[in-house]
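Quick notes on the structure that follows.
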Amino acid sequence: MKKKHEHIIESVRPGSIAEELGIEPGDVLLEIDGQVIEDIFDYQFYVESEELLVVIRKANGEEWELEIEKDVDEDLGIDFGKGLMDEYHSCHNKCIFCFIDQMPPGMRDTLYFKDDDSRLSFLQGNYVTLTNMSEKDMNRIVRYRLEPINISFQTTNPELRCKMLHNRFAGEALKKVDILYQGGIEMNGQIVLCRGVNDGEELERSIRDLTQYLPLLRSVSVVPVGLSKYRDGLYPLEPFTKEEAKKVIRTIEKWQKKVYAEYGIHFIHAGDEWYLLAEEEVPEEERYDGYLQLENGVGMLRLLFNEFEEGYAKLESGEHQEEISLATAKLAYPYLERMAKKMEEKYEGLKVHTYCIRNDFFGERITVSGLITGQDLMKQLKGQPLGSRLLIPCNMLKMDEDIFLDDFTLKEVSDTLQVPIDIVKSSGQDLIDAILGVSGPNPTDIDENQMKDRRITTD
């Protein structure tokens, strides 16, 4: 059994220092310069030295001490199986809003894992609560400059935070933000807003308190709690109304003006869902401060629409004899329908059927396309006019795999609906290209006979 902090080498790059020294796949890294290597950040920090002593254990049990001289920016050429070189830190909280607790049974195991790992915050943009981080962890973040760190605040009221996270240490954990601030670490924040819990005056308090960390705390998003239909036995939460959504937006806009006047940034941002709930247009691009929280659902619709408009302005009217279809979730549907109509106006003969997919699997309150399942697509699109191809956004599928959340494959959905499926990437230009079935910045420059088939094969 592999001991903690012993790292099996998965591969050695040809021509590298490691290959020259006789290091092989299957060897185990034990130490560098007398230091136990906990994870990838320790490894990258210590291998930057020009002179280092590396301890390797060979397959036969021999331990090799290798004295290495190299350039500062020269890598050893060793790759490990896990990108993190360590197990993920799991979440110790029982948050009243946790979406994983609202998952139905019988899904793949990875969907039930709750991470709360600051290293994943740096590597993947995950948000962490700071509740399971030690003083050592905080010092490593500062020492290694692991920034930006994304923090799930929820509230700055210590007592309320303990209640929301169901963790008696959650309020005390807020003090760790001071360590990051004093260490000069850039941060982003998130507030998952729960009706009647951390909204209203509590939201005002949280925003006010968080402004003390400007400008290192670059942005804070406010997103509505996601409520699936699987909430039996969980804390009773209710969805926000249209008027309540408008109130949240007005609160955020008030603070944006205050902060912008002093710091030149808007700082506090409303997730796109608030505007859907309020039936309001999303803000102009300038208010998103460079889309710092795009992956958190803040500004995605504005960016998509602006990119589309930019690409659309370069198009010339013409003919495009094709009937296709496009499916998305409730949140993006009004914007995608608008863009599809504009494409129809530009091209004679083009017909785009747009479908708003209701989330029956998780419940109708879930409005994002990333949680649409294969079975909902099949049930709701079966028998509908789909044309020669169906377009769906890439976030409906598992990263790098043609699998939906409910483990239906792309082929199964395509076969059931009897239509080829195109996967549309996230930009507005990608949408234009997908609608026209072409690749490149200017589809009008491509002869009809030379158009690239971008369909995913289902054979």
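The values are calculated or read from the model by the stated rules, or taken from the named source; none is laboratory data. As the structure is a prediction and not an experimental result, all values here were calculated from the model. Cβ coordinates were reconstructed from backbone atoms using ideal geometry, including for glycine residues, and neighbour counts include every protein chain displayed.
Below, the figures for the structure above:
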| quantity | calculated |
| --- | --- |
| Selected residue (only one of SER206, SER219 is assigned to a helix (DSSP H, G or I) and either surrounded by 20 or more Cβ atoms within 10 Å (Cβ to Cβ) or in contact with a strand residue (DSSP E or B) (Cβ under 6 Å, 6 or more places away or on another chain) (or both)) | SER206 |
| Residue under evaluation LYS70, criteria (1) more than 27 Å from LEU146 (Cβ to Cβ); (2) at pLDDT below 85; (3) of a type in the set (D, E, K, R), criterion not met | (1) |
| Selected residue (only one of ILE403, ILE432, ILE421 is under 22 Å from the mean Cα position of the chain (by Cα) and of a type outside the set (S, T, N, Q)) | ILE403 |
| Which listed residue, of GLU253, GLU286, GLU273, is more than 23 Å from the chain's Cα centre (by Cα) and either in the same structural domain as ILE151 (by TED's automatic domain parsing) or β-branched (Val, Ile, Thr) (or both) | GLU253 |
| Residue among ASP400, ASP407 that alone is without any contact (Cβ under 8 Å) to a residue 12 or more places away in the chain, of a type outside the set (A, V, I, L, M, F, W, C), at positive phi and in a loop (DSSP other than H, G, I, E, B) | ASP400 |
| Count - residues of segment 365-376 that are assigned to a helix (DSSP H, G or I) and either charged (D, E, K, R) or closer than 21 Å to LEU301 by Cβ (or both) | 4 |
| Hey, ASP406 within 19 Å of MET103 (Cα to Cα), outside the structural domain of ARG108 (by TED's automatic domain parsing) and among the acidic types (Asp, Glu) or not | yes |
| Condition check for VAL248: in contact with a helix residue (DSSP H, G or I) (Cβ under 8 Å, 6 or more places away or on another chain) and of a type outside the set (Asp, Glu) | yes |
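For every residue, the table says whether it meets (1) more than 30 Å from ILE191 (Cα to Cα); (2) surrounded by 15 or more Cβ atoms within 10 Å (Cβ to Cβ); (3) at pLDDT 90 or above.
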| site | (1), (2), (3) |
| --- | --- |
| LYS3 | yes, no, no |
| ILE40 | no, yes, no |
| VAL47 | yes, yes, no |
| GLY81 | yes, no, no |
